[in-house]
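**Q** Have a look at the structure that comes next, please.
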Amino acid sequence: HLAALVLARGGSKGIPLKNIKLLAGVPLIGWVLRAASDAGVFHSIWVSTDHDEIEKVAKQFGAQVHRRSPEVSQDSSTSLEAIREFLNHHHEVDIVGNIQATSPCLHPSDLIKVADLIQKEGFDSVFSVVRRHQFRWSEVKKGENKMTEPQNLNPAKRYRRQDWPGELYENGSFYFARRHLIEKGYLQGGKMAYYEMRAEHSVDIDIDIDWPIAEQRVLSFGYFGKEPLKEVKLLVCNVDGCLTNGRIYVTEDQKEMVSYDYRDIVGIDLLKKRGIQVRLISERDCSKTLSAMKLGCIAKVSVTNKLKVLEDWQKDMGLSRKEVAYLGNEESDVECLKKAGMSGVPADACALAQKAAGYICKSSGGCGAVREFAEHIFLLLEKVNSARKQ
């Protein structure tokens with residue numbers, strides 16, 4: 001029984017609840033859980049946590065949850081202690097694939113190859129490494145009367161990068177080990193093997209990268225699911241709660257007014273300039289409001305079945321599901337969010353809509369969410385174009 005285990009403690013000295021903080025619209029832990037699930041090699045996938053919110057997110061991504069004890073949830077607790085506690089409660093598990101939550105560029109193909117090393121080639125432990133081309137020098141502490149010395153080079157004959165194979169360093173993305181090793185107090189031992197990950201997939205937020213840089217790396221090199229990304233040709237946006245903040249102001253003479261953010265109008269214009277058609281949908285009759293906004297978008301109001309409208313538009317334009325993006329915020333948007341190739345919700349969307357969406361905006365509805373989602377679409381389009389060039 002091969003189990004994937006992600007350790008996700010609630011406490012974090014640097015970023016509160018870092019493990020579920022949104023990274024490129026997905027909770028950090030969601031990136032590795034998606035990769036583990038799509039690898040298809042694990043008999044079970046677990047998250048070990050001491051926090052209710054992390055448990056909730058883990059279950060949203062299909063993982064089972066092991067509630068770790070306070071004894072192994074301290075700042076001083078080691079990964080090995082948490083893994084041993086997990087095994088004490090799950091006697092069916094023979095091999096643990098400990099996957100680090102802070103490695104969002106992990107791909108299923110890596111996990112599949114490592115599972116083969118353990119299950120088919122008989123290794124007792126396998127861990128991830130990355131190749132680095134860095135020259136090392138000895139440290140000279142303040143006050144010491146000595147010179148630094150080269151550790152892995154001859155200064156008189158410095159290698160060119162292309163002539164030097166470099167060195168292998170642990171990158172912490174994962175450690176696979178058999179039960180008998182872990183019970184003896186080892187994550188590495190017995191018949192050992194390393195697995196070399198590609199440098200661009202070796203992203204560790206814990207060590208050397210900040211959030212904005214990590215988001216750019218994930219958008220460029222992250223794993224977005226089994227189906228390849230396609231160029232978005234249509235964005236369907238719910239009006240109330242996405243384009244507007246959902247509030248309706250009523251004057252004394254019973255006229256309705258709504259407010260919108262000019263940034264969202266700019267976002268719609270930018271989408272159009274990129275050749276992406278934008279269509280609006282609403283459950284109420286807001287045709288006068290949309291006419292006053294002069295957006296120049298096809299709109300369908302007084303809609304009782306949003307999914308049917310979405311599918312009709314998709315069919316009329318001759319688009320595949322992956323070429324359609326949807327921005328919604330209510331329970332009535334959930335099926336559309338699930339069906340669209342790219343889906344998003346504002347930060348203040350209802351819980352069911354957030355669970356169904358692939359991207360959760362930092363902005364609320366009517367406060368720049370449309371513009372933010374447009375920027376997200378553009379970034380993913382760059383990923384599509386980059387893949388085509390490769």
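The values are calculated or read from the model by the stated rules, or taken from the named source; none is laboratory data. As the structure is a prediction and not an experimental result, all values here were calculated from the model. Virtual Cβ from ideal backbone geometry, glycine too; neighbours counted across all protein chains shown. These area figures cover heavy atoms from the full protein model, side chains too; ligands, DNA and RNA do not enter into them. Shrake-Rupley method; radii C 1.70, N 1.55, O 1.52, S 1.80 Å.
**Q** Quick check on the stretch 234-388: of the DSSP beta bridges with both residues there, what percent are antiparallel, nearest 5%? Provide the component values of the computation, followed by the final result.
**A** Details: 3 of 20 bridges.
Here the share of antiparallel DSSP bridges comes out near 15 percent.
**Q** Here's another thing I want to ask about it. Output the Cα-based Rg and Dmax of the stretch 234-388 in Å, rounding Rg to one decimal and Dmax to a whole number.
**A** 14.8, 57
**Q** Provide CYS105, CYS367 ordered by accessible surface of protein heavy atoms (probe 1.4 Å), highest first.
**A** Details: CYS105 0, CYS367 65 Å².
Largest accessible area first, the list is CYS367, CYS105.
**Q** While we're looking at this one, here's another question. Starting from the Kirkwood radius over alpha-carbon pairs of the stretch 2-210, derive D by Stokes-Einstein at 4 °C in a medium of 1.567 mPa s and give it in µm² s⁻¹. Please report the intermediate quantities before stating the final value.
**A** Values: Rh = 18.5 Å.
This corresponds to a translational diffusion coefficient of 70 µm²/s.
**Q** Would you kindly calculate the mean projected area, averaged across all directions, of the convex hull enclosing the Cα atoms of the chain, in square nanometres?
**A** Numbers: hull surface 105.7 nm².
The directionally averaged projection comes out at 26.4 nm².
**Q** Before rounding to the nearest 500, sum -39500 (n - 2.57) across all DSSP H runs of length at least 4 in the chain and divide by the residue total; then give [θ] at 222 nm in deg cm²/dmol. Don't skip to the answer; put the middle values down first.
**A** Values: 13 runs with 128 residues, N = 390.
Estimated from H runs of four or more residues: -9500 deg cm²/dmol.
**Q** Still on this structure, I have one more. Cut-off 10 angstrom, C-alpha nodes, Gaussian network model of the chain. Which of HIS376, HIS201, HIS89 fluctuates the most?
**A** Residue with maximal mean-square fluctuation among HIS376, HIS201, HIS89: HIS89.
**Q** Collect residues whose amide H, placed 1.01 Å from N in the peptide plane, falls under 5 Å from the amide H of VAL236; neighbours closer than 5 in sequence don't count.
**A** ARG279, ALA325, TYR326, LEU327
**Q** Can you give the Rg to Rh ratio for the stretch 232-279, taking only C-alpha atoms and Rh from Kirkwood?
**A** On the way: Rg = 13.5 Å, Rh = 12.1 Å.
Ratio of gyration radius to Kirkwood radius for the stretch 232-279: 1.11.
**Q** May I ask for the angle, rounded to the nearest 10°, between helix 262-273 and the longest principal axis of the chain, with both axes built from Cα atoms and the value confined to 0 to 90°?
**A** Compared with the principal axis, the helix lies near 80 degrees.
**Q** Same structure, new question: Keeping all protein chains in place, calculate the accessible area per residue for the chain (probe 1.4 angstrom), answer in Å². List each step's numbers first, then the result.
**A** Details: 19860 Å² over 390 residues.
In whole numbers, the chain has 51 Å² accessible per residue.
**Q** State the Kirkwood hydrodynamic radius of the stretch 34-74 in Å, one decimal place, computed from all pairs of distinct Cα atoms. Each step should come with its number before you reach the end.
**A** Values: mean 1/r = 0.0914 Å⁻¹.
Final number for the Kirkwood radius of the stretch 34-74 is 10.9 Å.
**Q** Spelling out what I want: for every residue of the stretch 166-173, take phi, set θ = phi - 60°, compute 6.51 cos²θ - 1.76 cosθ + 1.60 (Karplus), and round to whole Hz; glycine and proline get x.
**A** 3J(HN,Hα) across the stretch 166-173, in whole Hz: x, 10, 9, 10, 4, 10, x, 5.
**Q** While we're on this one: Could you please state, rounded to a whole Å, how far the C-alpha centre of the stretch 28-60 is from the C-alpha centre of the stretch 291-353?
**A** Distance between centres, Cα-based: 28 Å.
**Q** Same structure, new question: Considering amide H positions built from the backbone, and no H for Pro or chain starts, which residues 5 or more places from SER48, or on another chain, come under 5 Å of its amide H?
**A** VAL6, LEU7, ALA8, HIS66
**Q** Over the chain, with a Gaussian network built from C-alpha contacts below 10 Å, which listed residue (ILE205, ILE182, ILE298) shows the highest mean-square fluctuation?
**A** ILE298
**Q** Starting from the stretch 194-286, pick out the trypsin sites (Lys or Arg not before Pro) whose DSSP state is loop and whose Cβ has at most 16 other Cβ atoms within 10 Å. Before the final figure, lay out the partial values.
**A** Values: sites: ARG198, ARG217, LYS226, LYS230, LYS233, ARG247, LYS255, ARG263, LYS272, LYS273, ARG274, ARG279, ARG284; in loops: ARG198, LYS226, LYS230, LYS233, ARG247, LYS255, ARG274, ARG284.
Here the sparse-neighbourhood loop sites are ARG198, LYS226, ARG247, LYS255, ARG274, ARG284.
**Q** Additional query: Across the stretch 47-54, in residue order, what do the Karplus-derived ³J(HN,Hα) couplings come to in whole Hz, using 6.51 cos²θ - 1.76 cosθ + 1.60 with θ = phi - 60° and x for Gly and Pro?
**A** Per residue, the Karplus-derived 3J(HN,Hα) values read 10, 9, 8, 10, 10, 5, 5, 5 Hz.
**Q** Given the stretch 245-321, what whole percent of its Cα pairs are spread farther than 18 Å? Walk me through the numbers on the way to the answer.
**A** Numbers: 1500 of 2926 pairs.
Pairs farther apart than 18 Å: 51 percent.
**Q** Tally the DSSP beta bridges in the chain and give the antiparallel ones as a percent, rounded to 5. Please report the intermediate quantities before stating the final value.
**A** Working: 18 of 55 bridges.
Taking every DSSP beta bridge with both residues in the chain, the antiparallel ones total about 35 percent.
**Q** Oh, and also: Compute the long axis of helix 108-119 from its Cα atoms, compare it with the longest principal axis of the Cα atoms of the chain, and write down the angle in degrees, 0 to 90, nearest 10.
**A** Approximately 30 degrees, to the nearest ten.
**Q** So for the stretch 110-227: antiparallel DSSP bridges make up what percent, rounded to the nearest 5? Numbers along the way, then the final one.
**A** Values: 8 of 14 bridges.
In the stretch 110-227, DSSP labels about 55 percent of beta bridges as antiparallel.
**Q** While we're looking at this one, here's another question. Test of understanding: in a Gaussian network model of the chain with alpha carbons linked when under 10 Å, which of TYR223, TYR326, TYR159 would top the mean-square fluctuation ranking?
**A** Of TYR223, TYR326, TYR159, the Gaussian network model singles out TYR159 as fluctuating most.
**Q** Can you compute 3J(HN,Hα) from phi for each residue in the stretch 358-363, using the Karplus curve 6.51 cos²θ - 1.76 cosθ + 1.60 with θ = phi - 60°, rounded to whole Hz and x for Gly and Pro?
**A** x, 9, 10, 5, 7, 8
**Q** Tally up the carbon and sulfur contribution to the accessible surface of the stretch 279-390 as a whole percent, 1.4 Å probe, everything protein left in place. Let's see the in-between values first.
**A** Details: 2480 of 5360 Å².
Carbon with sulfur: 46 percent of the solvent-accessible area.
**Q** Still on this model: Tell me which residues come under 5 Å, amide H to amide H, from VAL129 once H is placed; ignore anything under 5 positions away on its chain.
**A** The list, which skips near neighbours in sequence, is ASN171, TYR195, GLU196, MET197.
**Q** Then there is this: Pairing the Cα long axis of helix 28-39 with the longest principal axis of the chain, what angle in degrees results, from 0 to 90 and rounded to the nearest 10?
**A** So the helix axis and the longest Cα principal axis differ by about 80 degrees.
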